[in-house]
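Structure first, commentary second.
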Amino acid sequence: MQTSGVRTRRWVPVVAALALLIGACGSGGDSAGGSAEVGVSADTIRLAASQTLSGPGAASCAPSTDAAKLWFDKVNTDGGIAGRKIDFEVLDDGYDPARALANVRTFEKDKFAMVGACGSATAAAIYKTLSQKGIPFLFPTNGVSEVVKPASPGIFQVLPLYEDQTASMVRYGFEKSGKGSIFVVVNPLGAYQSAIDSAKKQATDLGGTFTNSAVATLGTTDYTPIALQIKQAKPDYVVMSMGGSDSAKFVNALVDQNAVPAKAILGTTASVAGSFLSSYNPGAASKIFFGSAIQLPAGKDADCTKLLAGTPAVDDPIALTGCASARAITTAITETKDLTRANLMKTIEGWQKKEVAPGILAELSFSSTDHIGISSLFIVQPQGRAFRTIATCPYGEDVQSQGACTAAA
Amino acid sequence: MTAGSRAAASAALRISNLRAGYGKARVLHGLDLAVEPGEMVGVAGPNGVGKSTLLKAISGLMPRMADRMEFGGAPLKQSPVDAVVQGIAHVPEGRRVLADLTVEENLRIGGIGGRVQDFASVRQGVVDRFPSIVPLLHRKAGLLSGGQQQLVAIARGLVAQPRLLMVDELSLGLSPTAVASISAATVSSCRELGASLLWVDQNLAILGKHCDRVILLRDGVAVDIDPRDTGATNSAYF
Amino acid sequence: MGLLLSAGISGIAVGLLYGMIGFAIVMLYKSTGVANFAQGTLATLGGFVCWASMTDLGLPLWAAIVVALVASAVLGVAVYFVVIRPRPSAGNLNITVRTLGLSLLLLAVMEWRWGAGAPYRFPAIVEGTGVQVADFVVPAQSLLIAAVAAAIMGTLWALFRYSNVGLSFRAMAEQPDTARLLGLPATRLSAATWAISAVLGTVVAILLAPSSFLAPSTMESYLLFTFTGIVLGGLTSLPGALLGSVIVGVVSNVTIVALSLEAGVLVVFALLLVVMLLRPQGLLGRPESVRL
């Protein structure tokens, strides 16, 4: 870890300096009006993404842009969008905010829009620049509120925020198994204090109690101490917002130490990853409930399910999200008559209960002030080596005013 | 191979026109040297004249060129490991005992390096000749006095069952008493084991006392001298 | 109090793991003077060879382990001849940097071959409920790790102390030139050291993988603690590597429970700093005993 960090950062300044130069040269060319938009020509639409392709997060992140690329390839094979083919370039940022920003500077001169990729920390680093330059940033895998609350021009996401999810999951748990005490464990996925605070507020608002919380760095080698703390605190619920492998390690430590809470382990979309399924101890499965932005398993007839069929990606929530997001992007581009960045944003802001990837994503609704599209949260449970949707809960910024969850058929 | 067979074999060292040095600074300019089996040869000369270089060139520790370089009738290869296998043990300047190892372990290393078959009896034979080493066997070599370390280094050379023992600066930094006793033990051991000795030292007097023959290194070539002839010696040194 | 005690015992369990990785590094350092930064990735590669033997070749776990151990011995020798041996005059710093480069290369190879789909859940060698000590449940795998750690340490100790090969390793480590002068076959010994340390690494990877999962970067988060542990214990001492690593595990886990997770790392590094200032050779390391 240490060593690769040193290695990569050494050339970051060089890249950043180059990117600044290129950016300075290129910034004069984006003022042309009409359909002569940056990154759009008569036969091509240029899209790009800055993705975690190296380091510890690479294995779980890369499938999202890989799946997006597959979708764009399919669109191109089917003739493109109004005669234009999609050109999609992905650069590695190693989950390093500075490199993500350098990548944006490389892209800004000739890309039409940025496709969302892994990472709350990287999204938080680049969204301001993108918004100021008027470059659409479509559907980053982000759970941090500052990126989309309040709505920044051009920044849209389909995934729910971690802070809203921890509250929703507490509410779901209390609804299902009765109110009780909670213990919150988080990885610092971008800003994390709000995820703890909102779980605490929700629990106390609903008549439960908050026991304690713990923050563990991503890639923590030993979760046993936290499991021991939980074993002593004996909470009814453990609420977690952690990366896929870390979730699995943590759950396994709970099982090893007989510290699985009495009622449930509640988690966020961050846990809903192939890396969790491949390595968690199924002994605890019946007590695990995660929020998910996508329906799992994905509907058999969904376009992305068919596209990814026969590959491991068809069971990988992150790959499915990547494909569904790409499908949402091509839908938005198709529906935008005069293809400029501003018009594309208007198209998305006009979506109400829009089905962009039926069978995978719930309906999306945006407005000029609300750039989080999701309207309901799927509750999934691991079963063996797959997730299964067991309920759907209404999701929005005001958790209190929502109706009850409905069990899945 | 038994303990005695190696030492008994003919082990003449024959060197002619040896040239060697450090990088471009050549120290030896066409040196001729012969050591007969069982012969005790002293090599004297002032600092920097190439005494250590001569020994390192023989054991293959440094690059060298020569018209002829043979030991026991076979050419000497440019490899310290081969030199040991051919029967040449080199006790380097500064003793170079393995400080973190015990004395016993230092002796074992000598035997391992020399590919000695019957180590236990060879070791016993050497220890018997250096009785003062016995109480030190389980101490770390690095914690011994200079004289004790010199003893260990020579014993370590002898357990490799050499047919030629080369000792570099035996007397350096040691008290006259220590020099006297170690020298005597070394020479008598070599004689009893049938090994020849090539002994490099600045102390001409001690060489003269113990060796069959003393040569002087001067300007990179060897000159036979009579160590008791102080006039010749002084002219060589100054 | 019960919680702190349990945390302490859990720290011993994880510390043993750190220490086992440390063994291979210490053993190589003892014999060649090189701090091998590629130890972690070499070990992970061994773990993946075992994994691939099971999934791709369909071998049972025990056979896959044998394949992996043999393969890593060969790999260790290959690394020595290809990466370490050329231009020995470049010095130990140069060679240490080469191991760093090798580590990055191996990491990239593993990302390319096995990156997608990682981490993998690796089968445990022993199943069972483990043993309850205070409030802490020692998992069966941890008991196995403790037993293997003890066995490896005993074997290595005996090797270095009593065997001709081990003695030669130590001579080479202390004075490579003198060792050559005394007739020790330097090349063969060095190659053997690399083979042994690679095999050790693979043993650790196979023991570690069931709890940490198998991914190309699995070892990296452990290495930081391992290096801290072996420097704390004295870079040249095998018992020191174990002691230092167990101290790191116990101190960090107790601090985590008593204070917070961040404090755990902080206290460990503060401890390292204090030990380095007061006892630069580490807890069980020996000061250089060469008389000049």
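Round to the nearest 0.05 the FRET efficiency obtained for C:Ala78 and B:Gln117 when R0 = 35 Å and r is the Cβ-Cβ distance. Efficiency, rounded to the nearest 0.05: 0.60. Computed over every Cα-Cα pair of the protein assembly as shown and binned at 10 Å starting from 0, the pair-distance distribution P(r) comes out as 2, 11, 17, 17, 14, 11, 9, 8, 6, 3, 1, 0 percent.
Computed from the Cβ-Cβ distance with R0 of 41 Å, the FRET efficiency linking A:Ala404 to C:Val70 stands at 0.10. The spacing between the stretch C:80-145 and the stretch B:90-168, judged by their C-alpha centroids, is 41 Å.
All C-alpha to C-alpha distances of the stretch A:161-319, sorted into 5 Å bins beginning at zero, yield P(r) values of 2, 10, 19, 22, 20, 13, 7, 4, 2, 0 percent in whole numbers. Measuring how big the stretch A:214-256 is from its alpha-carbon positions, Rg and Dmax come out at 9.7, 26 Å. Calculated mean residue ellipticity, 222 nm, the protein assembly as shown: -16000 deg cm²/dmol, from DSSP H runs (n ≥ 4) at -39500 (n - 2.57) each, averaged per residue and rounded to 500.
Please express the Cα-Cα pair-distance distribution P(r) of the stretch B:13-237 as a list of whole percents, one per 5 Å bin, running from 0 to the bin with the greatest distance. Answer for the stretch B:13-237: a P(r) of 1, 7, 15, 20, 20, 17, 11, 6, 2, 0 percent. Report the FRET efficiency, 1/(1 + (r/R0)^6), for B:Gln124 and C:Ala150, where r is their Cβ-Cβ distance and R0 is 35 Å, rounded to 0.05. For B:Gln124 and C:Ala150, the calculated efficiency is 0.45. Under the simplified labelling scheme, the A:Thr204-B:Lys24 pair shows an inter-label distance of 8.2 nm, with each label point 7 Å from Cα along Cα→Cβ. Dimensions of the stretch C:2-278 based on its C-alpha atoms, expressed as ranges along the principal axes with the largest first, amount to 59, 53, 34 Å.
Within the stretch A:236-310, the trypsin sites (Lys or Arg not before Pro) that combine a DSSP coil assignment with at most 12 other C-beta atoms in a 10 angstrom radius are A:Lys300. Using a cut-off of 26 Å between Cα atoms, the listed pairs A:Lys249/A:Lys306; A:Lys109/A:Lys346; A:Lys200/A:Lys287; A:Lys176/A:Lys306; A:Lys69/A:Lys109; A:Lys176/A:Lys354 include A:Lys249/A:Lys306; A:Lys176/A:Lys306; A:Lys176/A:Lys354 as exceeding that distance. Computed from the alpha carbon atoms alone, the convex hull of the stretch B:149-223 holds 95 Å³ per residue. Here's the list of lysines a cross-link from B:Lys24 could span, going by alpha-carbon distance under 21 Å and ignoring same-chain residues fewer than 8 apart: B:Lys51, B:Lys56. Scanning chain A for GluC sites (Glu not before Pro) in DSSP loops with at most 16 neighbouring Cβ atoms within 10 Å leaves A:1-354 as the longest stretch between them. Taking 0.36 nm per residue of separation and subtracting the Cα-Cα distance, full extension of the segment from A:Asn76 to A:Thr369 would add 102.2 nm. Estimated at the nearest 10 Å², the accessible area of A:Asp315 is 100 Å² with a 1.4 Å probe. The accessible-area loss of the stretch A:58-72 on complex formation, taken against its chain alone with a 1.4 Å probe, reaches 50 Å² or more at A:Ala59.
The values are calculated or read from the model by the stated rules, or taken from the named source; none is laboratory data. Computed from a prediction, not measured in an experiment: that's the story for all the values here. Methodologically, a virtual Cβ is constructed for each residue, glycine included, from the backbone with ideal geometry; neighbour enumeration extends over all protein chains shown. Side chains are part of the model used for accessible areas, which takes the heavy atoms of the whole protein and leaves out ligands, DNA and RNA. Shrake-Rupley method; radii C 1.70, N 1.55, O 1.52, S 1.80 Å.
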